[in-house]
Amino acid sequence: MKEITCECGHVNPEGTVLCESCGKPVEKNQHIDGNEGNKLLNMRYDGSARRSQTYNRTYVDKIWNFFSSVKVGVTLIVLTLIASAIGTILPQEMYIPPNVDASTHYRDQYGLFGQIYYQLGLHNTFSSWWYMLLLAMIGISIVVASIDRFFPLYKTLKKQKPKRHELFMKKQRVFGETLSNQVDIDLFKKNLKRRHYNISEDNGHILAEKNRFSRWGPYVNHIGLIIFLIGSLMRFVPAFYIDEHVWVREGETVMIPGTDGQYYMKNNDFILETYDESDERFKEAIQNNGAPVPKNFQTDAVIYKRTDEVVPGKEPELEKVKEASAIMNHPIKFDDFALYQASYQLNEFEEMTFKLHDKENEDTNYGEFTVDLTNPKSEYELESGHRVVIEDYYPEYEMEDGRPVSISKYPKNPAFVFNVYPPGESEPETSFLGIGANVDASGDNEYKLGLVNFDVRDVTGLTVKKDHTLWIIALGGAIFMIGVIQGMYWNHRRIWLQPKEDGVWIAGHTNKNWFALRRDIGKVVEGTNIKEPIDQYEMKDEQVSVSEEEEHGLKYNQQ
């Protein structure tokens, strides 16, 4: 890369806008602000050479330049916001009842729009690969843009010298010239110190500076955002974040998902309390609801920890850890996990008892058998020698296109296809049996199965939570707010004083709040015989305004 040698002898890297040593503008790189009669320096990043503005030869350069662009970063953020908004139009899959099929839930609840929403994968927006890619690209953009700007700016501000080139002084927005040798420099410096400026001197040249730390506010923001994004992305790593759901029937012991098989829980009892309909305070609300309104529901549970190694098929050896109740908003906490009471299912079928009898005579009885609906056997032997084989089992059946299907794995509306083998026969009779349905498949069956009894039990739904990312997200948010305050309530102010044979020049610059800078300079030059500088940008506007008035006056006179 070509280097730029300034007339002061300092060698600057290509892309430099202002000489790092004396501040002289590099004309081919200096973009000016103002009209031809009053050009002002572009002091953005203090004229330092940025990689994205210098290198554009290799693919690495082009990728770097792409991600360093503020426009690209803003576009990515806007796209992510739009995607996030779309993801909240309908509930995400994690928030629908865990015992329903998502493909049918969205169609049944929201019609055609819900089906399209599901088919496009928007029901899992926040865990989709493209959403993760957007977040990752935002993170890359923040990192690249910060590096591209921070280090050149830091290098330039660290190497500032009091002595600056004449063009640097004259083309500052705030500039003034005093044609007098009777100026009080000592009072000028005392006034600067009273205003909390740090002073550097070089052979009569003065640089006064304060609040440089405010320049790093945006980069502190970026650090906070990066930490926040890292915390958000870590939620997809099971070691840091778990959000699972488990259904546990009364009396059942199950492994707690997300614990790598180390923890189990037993549902001792599920308790549901409802508001009393006779209570006048709730009577109207209960009547409007059309059903009892839950007041409290809780699970009395026992937490166990596995003490042996996890071996597939081996019954675990469990040690009791604690006994507690999961109540709404009051979870059971153990180790790094928490069990929250989330939902419930009352009166789920547990067992069904069937009787085999003659089709034409229900008083006959060839035997009874009981089906465990959670873990049904495939075949049942009756005392009469008949065999009953379960050909198909539908835990929650519905008819779809004339065929029975199960919409979930939970026995809410069980149905069976039974094959009945008479003693010594190899050809079975087939029948379909469900609640409210008893169908002879061929129409010529001699036997018939009938439901004689059933048992139900309550089922509790618990959410398993583990979250090691909250403190990271909170830290990122706190750092971001520090950066906001740092950049919002302070501004970087600099004042240069340059001695001349017939007086002094004074110039000033700030990254924002020019009124406060001019006020500071006005206080500093009090009693020093130094003329207060002018704002050349405002002078330019005044000149344009005067020119417009003169033009209008000329037209009026011509008329």
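Calculated accessible area for the chain comes out at 56 Å² per residue, all protein chains present (probe 1.4 Å; ligands, DNA, RNA ignored).
Using a Cα-Cα cut-off of under 30 Å, which lysines could be cross-linked to residue 266, ignoring same-chain neighbours fewer than 8 residues away? Result set, ordered by chain and number: 295, 305, 314, 320, 322, 333, 377, 409, 412, 465, 466.
Every helix of 4 or more DSSP H residues in the chain counts as -39500 (n - 2.57), and over all residues that averages to -10000 deg cm²/dmol at 222 nm. Pull out a ≥ b ≥ c, the square roots of the eigenvalues of the alpha-carbon gyration tensor of region 372-412, then state rounded if a/c is under 1.5, prolate if not and a/b is larger than b/c, and oblate in the remaining case. It is oblate, given that a/c is not under 1.5 and a/b is not larger than b/c. Magnitude of the charge dipole for the chain, about its Cα centre and with charges confined to Cβ atoms of Lys, Arg (+1) and Asp, Glu (-1), is about 6260 debye. The angle between the Cα long axis of helix 514-524 and the main principal axis of the chain comes to about 40°, on a 0 to 90 degree scale.
Full extension of the chain segment joining residue 333 with residue 151 gains 60.9 nm, where the gain is 0.36 nm per residue of separation less the Cα-Cα distance.
Relative to the longest principal Cα axis of the chain, at what angle does helix 102-119 sit, 0 to 90 degrees, rounded to 10? Helix 102-119 sits roughly 40 degrees off the main axis of the chain. Along the axis of the charge dipole computed for the chain (Cβ charges of +1 for Lys and Arg, -1 for Asp and Glu, origin at the Cα centre), the listed residues 442, 264, 70 are led at the positive end by 70. Here region 364-424 is treated with +1 on each Lys and Arg Cβ and -1 on each Asp and Glu Cβ, and its dipole about the Cα centre works out to around 60 debye.
Rg and Dmax over the alpha-carbon atoms of the chain stand at 39.6, 129 Å. When each of the peptides 491-503, 75-87 is scored by the mean number of other C-beta atoms lying within 10 Å of its residues, the order from highest to lowest reads 491-503, 75-87.
About its Cα centre, the dipole of region 296-436 is roughly 740 debye, where the only charges are +1 on Lys and Arg Cβ and -1 on Asp and Glu Cβ. Principal-axis analysis of the Cα atoms of the chain puts helix 129-158 at an angle of about 20° to the longest axis. Using the Cβ-Cβ distance between residue 158 and residue 276 with R0 = 60 Å, the FRET efficiency computed as 1/(1 + (r/R0)^6) comes to roughly 0.20.
When the charge dipole of the chain is built from unit charges on Cβ atoms (+1 for Lys and Arg, -1 for Asp and Glu) and taken about the Cα centre, the candidate among 150, 486, 515 whose Cα reaches farthest toward its positive end is 515. Summarising the label geometry, the points placed 7 Å from Cα in the beta-carbon direction at residue 383 and residue 84 lie 6.9 nm from one another.
Taking the charge dipole of region 163-309 about its Cα centre, with +1 at Lys and Arg Cβ atoms and -1 at Asp and Glu Cβ atoms, the residue from 191, 229, 211 reaching farthest to the positive side is 191. Per-residue packing, averaged as other Cβ atoms within 10 Å, sorts the ranges 446-453, 137-144 into the order 137-144, 446-453, beginning with the highest.
Spatially, region 210-267 and region 340-409 are offset by 42 Å when compared through their Cα centroids. With a simple spin-label model that places each label point 7 Å from the Cα along the Cα-to-Cβ direction, the separation between residue 132 and residue 296 comes to 4.2 nm.
As a fraction of the 1.4 Å probe accessible area of the chain, surface on carbon and sulfur atoms comes out at 52 percent.
For a test of the definition: using alpha carbon positions, the gyration tensor, and the 1.5 limit on a/c, classify region 407-523 as rounded, prolate or oblate. In terms of gyration-tensor shape, prolate.
For region 287-375, the C-alpha radius of gyration sits at 1.78 times the compact-globule guess of 2.2 N^0.38 Å, with N the residue count.
The values are calculated or read from the model by the stated rules, or taken from the named source; none is laboratory data. This one's a predicted model, so the numbers in the text were calculated from it and none came from an experiment. No Cβ is skipped: glycine too gets one built from the backbone with ideal geometry, and neighbour counts run over all protein chains shown. What goes into the accessible areas is simple: the full protein's heavy atoms, side chains included, and nothing from ligands, DNA or RNA. Shrake-Rupley method; radii C 1.70, N 1.55, O 1.52, S 1.80 Å.
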